[in-house]
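The values are calculated or read from the model by the stated rules, or taken from the named source; none is laboratory data. This one's a predicted model, so the numbers in the text were calculated from it and none came from an experiment. Note that we place each Cβ from the backbone using ideal geometry, even for glycine, and neighbour counts take in every protein chain shown. Just the protein is used for accessible areas: all its heavy atoms, side chains included, with ligands, DNA and RNA removed. Shrake-Rupley method; radii C 1.70, N 1.55, O 1.52, S 1.80 Å.
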Amino acid sequence: ALGSETDIYSTRSSTELEALWGGFLNEGVSSYQSGDLENAVKFFQYCSVIKPKDTTGYLYAASAAMENQRFQVALRNYNQLAKISPSEDIYSSIISIQKDALNDYGAAMTTINEARQTLGGDIVKIRKMEVDLLIVTQKYDEAIILLNELMLKSPHDAMLPLKKGLLFDDLASSAKQGALPDPEIIRTYSNLAEQAYQQTLQRDPDNFTALFNYAVIYHSRANAYFEQLQKMTPATDDAKKKEIEATASENLTIALQLMEKAYQLEPEDQDVLYA
């Protein structure tokens with residue numbers, strides 16, 4: 001029958017469309033390899049017009065557009081991919097564009113919620129991105145709660161407690177820069193950062209960032225004790241002075257041990273050498 005799947009005209013049309021799709025794909029790949037990203041995106045999008053339910057054109061167009069910093073075009077193609085074949089990687093790409101390239105934090109959180117509803121299960125990669133989004137929008141309490149939840153689900157992932165340590169370190173630094181710094185709040189944040197770095201090193205003993213930042217905490221404590229010594233008067237009890245000096249030296253020794261291990265991992269790092 002005319003127009004049926006076995007009709008010679010339908011068969012010929014399908015064959016010609018397949019050839020046209022293949023031609024556009026080859027043109028896109030060729031343009032991409034020659035560095036012509038603009039034409040690469042165009043030809044890959046032609047592929048999507050011919051096969052709107054095929055992921056190839058959208059994926060290649062999105063990748064080429066990202067490399068060409070055409071973020072809206074990339075986002076449009078990734079969104080089509082999410083409709084056809086949703087995955088954690090696709091949603092992660094969308095969130096990354098919205099958060100980092102477009103600074104559209106509201107859209108990024110909407111995509112995170114959509115991914116959770118669509119994919120379900122333990123989408124740890126996306127939940128980590130949610131932590132970053134909560135931090136950048138200064139929702140620190142929510143970020144810490146989510147980090148604790150993820151740490152229970154991923155007991156071997158060292159990046160989770162590291163994120164926690166960095167967050168508490170930043171909060172301590174912000175507290176120090178306030179109009180009326182509260183030593184107790186600063187101490188609390190510093191202690192929480194220390195605990196997080198300990199957890200990081202339990203999971204990854206060679207984590208350079210944790211070693212370096214943990215050493216800085218001990219170094220800062222040692223300095224605080226040395227400053228306390230300098231402020232003491234000659235009338236201060238010698239035993240008290242020796243106790244504080246011993247505590248300062250103990251903290252400094254631990255800082256040095258941690259920094260030496262960091263140095264073994266990154267011997268060319270200028271911050272380590274200076275420290």
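Worth pointing out:
- Of the listed requirements (1) more than 13 Å from the chain's Cα centre (by Cα); (2) over 19 Å from I95 (Cβ atoms); (3) basic (K, R), K164 misses just one: (1).
- Meets criteria (under 21 Å from D170 (Cα atoms), touching a helix residue (DSSP H, G or I) at 6+ places or on another chain (Cβ under 8 Å) and surrounded by 17 or more Cβ atoms within 10 Å (Cβ to Cβ)) for Y263: no
- Evaluating A215 against the criteria (1) touching a residue at least 24 places away in the same chain (Cβ under 8 Å); (2) open to solvent by 50 Å² or more (accessible area, probe 1.4 Å) leaves one unmet condition, (2).
- Some residue of region 81-93 being farther than 19 Å from M129 by Cα, small (G, A, S) and either crowded, with 16+ Cβ neighbours inside 10 Å or in contact (Cβ under 8 Å) with a residue 60 or more places away in the chain (or both): no
- Criterion violated by F226 - all others in (1) modelled with pLDDT of 95 or more; (2) surrounded by fewer than 18 Cβ atoms within 10 Å (Cβ to Cβ) satisfied: (1)
- Here the condition is being in contact (Cβ under 8 Å) with a residue 24 or more places away in the chain, in contact with a helix residue (DSSP H, G or I) (Cβ under 9 Å, 6 or more places away or on another chain) and charged (D, E, K, R); of D170, D157, D182, it holds for D157 alone.
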